[in-house]
Amino acid sequence: MNIEANELSKVYGEGENRVVALDQASLTIAPGDFLSIMGPSGSGKSTLLHLLSGLDRPTSGRLTYDGRDIYDLSDKALSAFRRRRIGFIFQQFHLLPVLTARENILMPLLLDKKQPDEDYLQELVQLLGIGDRLHHLPHELSGGQQQRVAIARALIAKPDVIFADEPTGNLDSRSGGEVMDLLRAVQEKLGTALVVITHDSRVAAMAQRRLTIVDGVLSEVAAG
């Protein structure tokens with residue numbers, strides 16, 4: 001699936017209170033791409049991610065998935081589109097504490113009233129090294145294990161693209177490195193596009209394409 005953002009802007013407030021959170025950002029994401037977007041706090045990273053993933057609507061600009069502007073969809077249709085085509089990984093894990101790891105992983109399918117592909121589930125959990133943790137509750141897992149469960153949840157519906165917002169932000173450097181190595185390996189094996197928002201230069205350097213954002217202005221870093 002090809003994703004194309006064309007001059008996306010997000011503006012809050014008016015007059016003296018007007019704040020430009022994102023200023024005419026344009027980029028393309030091709031199938032299997034691995035992009036990192038790096039910038040300081042308040043630079044517009046999360047705003048960009050929310051717009052690219054359909055979690056928020058822009059003030060101006062277009063976002064197309066295979067030529068279709070997803071902002072033309074109703075809220076209900078857009079929600080269904082996100083469940084089926086987009087995976088999310090967050091800094092805070094967002095696992096439901098009363099559900100086992102397996103139940104958390106399968107939640108996107110249950111919301112869509114779909115039966116899990118058990119072979120694919122087993123492939124995922126083996127790749128992520130959590131096959132023996134599926135019946136544990138989140139509080140029984142380490143931070144790194146919880147993030148692996150969150151990665152499996154993001155991938156279970158076989159999305160076209162994964163958006164990861166500071167996926168190592170709550171992990172120590174060792175666990176964070178392990179999680180990123182695993183995420184990159186799974187992404188390469190499955191051919192899913194991956195967009196990582198980060199302030200960590202080591203995470204950003206893992207990507208095939210690197211972008212920076214400062215004061216809402218997005219720029220791509222030249223290769224090499």
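Here, each number is a calculation from the coordinates, and none is a lab measurement. Computed from a predicted model, the values in this text were never measured in an experiment. FYI the Cβ positions are ideal-geometry reconstructions off the backbone, even for glycines, and counts take in every protein chain you see.
Here is how the numbers come out for the structure above:
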read-out: Cβ charges +1 (Lys, Arg) and -1 (Asp, Glu), total dipole of the stretch 3-221, debye; value: 280
read-out: Helical contribution to [θ] at 222 nm, DSSP H n ≥ 4, -39,500 (n - 2.57), averaged over the chain, rounded to 500; value: -10500 deg cm²/dmol
read-out: Cα extents of the chain along the three principal axes, largest first (Å); value: 54, 38, 33
read-out: Förster-model FRET efficiency, 41 Å R0, Ala80 and Asn17, C-beta, rounded to 0.05; value: 0.70
read-out: Those lysines that a straight Cα-Cα span of less than 28 Å connects to Lys113, excepting residues fewer than 8 apart in one chain; value: Lys76, Lys158, Lys189
read-out: Between the stretch 201-224 and the stretch 125-147, the alpha-carbon center distance in angstrom; value: 31
read-out: For peptides 42-53, 6-17, sequence by mean Cβ density within 10 Å, most packed first; value: 42-53, 6-17
read-out: The stretch 1-45 pair-distance distribution - Cα-Cα, 10 Å bins, rounded %; value: 22, 44, 26, 7, 1
read-out: Shape category assigned to the stretch 1-132 from the gyration tensor of Cα positions, a/c cut at 1.5; value: prolate
read-out: Thr59 long-range amide H proximity, modeled H, under 5 Å; value: Ser9, Lys10, Val11
